1. Just to be sure I understand: of the beta bridges DSSP finds with both ends in segment 153-289, what percent are antiparallel, rounded to 5?
2. Just give me a number: lysine pairs in the chain, eight or more positions apart or cross-chain, with C-alpha atoms less than 23 Å apart.
3. Accessible area of segment 28-98 with a 1.4 Å probe: how many percent of it is carbon plus sulfur?
4. Beyond 15 Å, what share of the Cα-Cα pairs of segment 166-242 is found? Please give it as a whole percent.
5. For the chain, with every protein chain kept in place, what is the accessible area per residue (1.4 Å probe, Å²)?
6. What distance in nm lies between label points placed 7 Å from Cα along the C-beta direction at Asn304 and Glu378?
7. Between Glu70 and Ala162, what length comes free when the chain is fully extended (0.36 nm per residue of separation minus the Cα-Cα distance, one decimal in nm)?
8. Calculate, for Ser78 and Asn140, the FRET efficiency according to 1/(1 + (r/R0)^6) with r their C-beta to C-beta distance and R0 25 Å; round to the nearest 0.05.
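The values are calculated or read from the model by the stated rules, or taken from the named source; none is laboratory data. Values in this document were obtained by computation on a predicted structure and should not be read as measured data. Note that we place each Cβ from the backbone using ideal geometry, even for glycine, and neighbour counts take in every protein chain shown. Just so you know, the surface numbers come from the protein's heavy atoms only, side chains and all, with ligands and any DNA or RNA stripped out. Shrake-Rupley method; radii C 1.70, N 1.55, O 1.52, S 1.80 Å.
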Amino acid sequence: MPTDPYAWIDDALKTIHRADWYRFVQAIQGHSGASVVLEGREVINFASNDYLGLAGDERLIQAGVAAIREFGTGSTGSRLLSGHRELHRELEKAIASLKQTADAVVFSSGYLANLGAIAALVGKRDLILSDQHNHSSLKNGAILSGAAVFEYPHCDVAALKAYLHQQRQNYRRCLIITDSVFSMDGDLCPLPELSNLADEFSCMLLIDEAHATGVMGKTGAGCVEYFGCTGKQLIQIGTLSKALGSLGGYVAGSSNLIDFLRNRAPSWIYTTALSPADTAAALAAISIVQREPQRRTQLWENVNYLKKLIAQHLPNLILLPSESSIICFRLPSATAAVITGKHLAESGIFAPAIRPPTVPTSRIRLSVMATHQARHIEKLVEVLSKIN
Ligand SMILES: *Cc1c(COP(=O)(O)O)cnc(C)c1O
C-alpha cells in the first residue's frame, strides 16, 4: 500500500502547535492608523511598521487613486518589457535624492530587493558575513547567492574582525550584510565600525534600512545619515512598505551598482514592475518625509515618553536595548509571550508576540508611531502594569 505523501504535513502542524509556535492571521478592518479595528474590536495599534502614520494619509491615498485612474491597476509586465513607466523613474530619483546617492532602483518588495541584490553581487567564490539577527530576506539572499556564509554574533565587530583576519584571503569578493535597525530587537548596527572593517579588508557593505528609512537621521534618510556615513560607498537597501506606507523595495548606491543590478538581479528582471498605485503612493510619502520633519520629532517624543513611563511604572519589565521606534520586552517562553499578547488584545492593545524561529528568545514587540497620542501610550503602560 502506498502511503499518503502529504501525511507529514499534519504531523508538522501538530509539532508547531505543541511548541506554541503556531501562527495565524488576524483581520484589521478599515483604515490603518494609531488605533485600528481588530476582529471587530477597537485596539490601540502598537503592531504596525507605519511609523509616520502615512499608510492612511489622505495624500498617499489620492496619489494612489490618481495613478490608477491614469495608468490602470496593473503594470502588466517586467520593467525591461512592458512594465516601465516614467513614474518608476521619478520614484527612483526621489529615493536617490533622499539617500543622497547617485541612483536607486525599485523592486516589488524589500524582500525581493535583498534576494536580488545579494545574489547578483556575490557567488560561489565569495564570502558573506551576516549578523546573526539579520532579517530573513538577508539570510535567504545569502543562501541564494551560493557564497560561503559566516554568521557573526550579533553586532560583534571584534568577532567579525578576527574572522576576516583568518579568512578574507581565501575568497574573491566579500560582502558584509546587516540590518541597520534590527527589526525584531530595535537596536542599531555599529555602522561606523563595520564601515571601517569593510575598508580595511576590502569588503562591500550592504545595509538594510527597512526600519530606518523615513525615521532615522535628520532628514529621514536612515541610519547611514544618523551615523554620519552619508556619501560613503555602500549598498543601501530598504522598503517602501514601512514608514513610507506603500509597498515595494529599493537599492540605492552608485550609478554603476544600480546599472549592474538592472542587468543582473533576477528578482528585478523577472518580476512584474511595481503597480502604479504603490509607486505613486511611495513618491508622495517621500515628499512628506522630506517636507514634514515634525513627524519624526513627534515620533521621538512618543518613543521617549513611552520609555520614561516604563522606567517609572514597570521596573520589572526586561526591555531589550533599543535606539529606535521598536521597543521589545522579553518573556520567558513562547507560551508566556502568546498569553501576554492575548491579554493585551483583550485590554485594547494590539502588540504581537514574536517567537522562535523568528527570534531566539520570545518577546512582545511594540512599535511606536508618530500619530500615537499621549493617551494611547498611557493606556499601554496602564494595561502592562495590570498584567505584570
Ligand atoms: C520588512 C523587512 C524587509 C522586507 O521588506 P518588504 O518590503 O516588506 O518585503 C526586509 N528587511 C528588513 C530588515 C525588514 O524588516
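1. Numbers: 5 of 13 bridges.
So the antiparallel bridges in segment 153-289 amount to around 40 percent.
2. Lysine pair count for the chain: 24.
3. 52 percent
4. On the way: 1573 of 2926 pairs.
It works out to 54 percent of all Cα pairs.
5. On the way: 17510 Å² over 388 residues.
Value returned for the chain: 45 Å² of accessible area per residue.
6. Going by the 7 Å Cα→Cβ label model, 1.9 nm.
7. On the way: separation 92, 0.36 × 92 = 33.12 nm, distance 5.56 nm.
Length gained, Glu70 through Ala162: 27.6 nm.
8. Once rounded, the FRET efficiency stands at 0.75.
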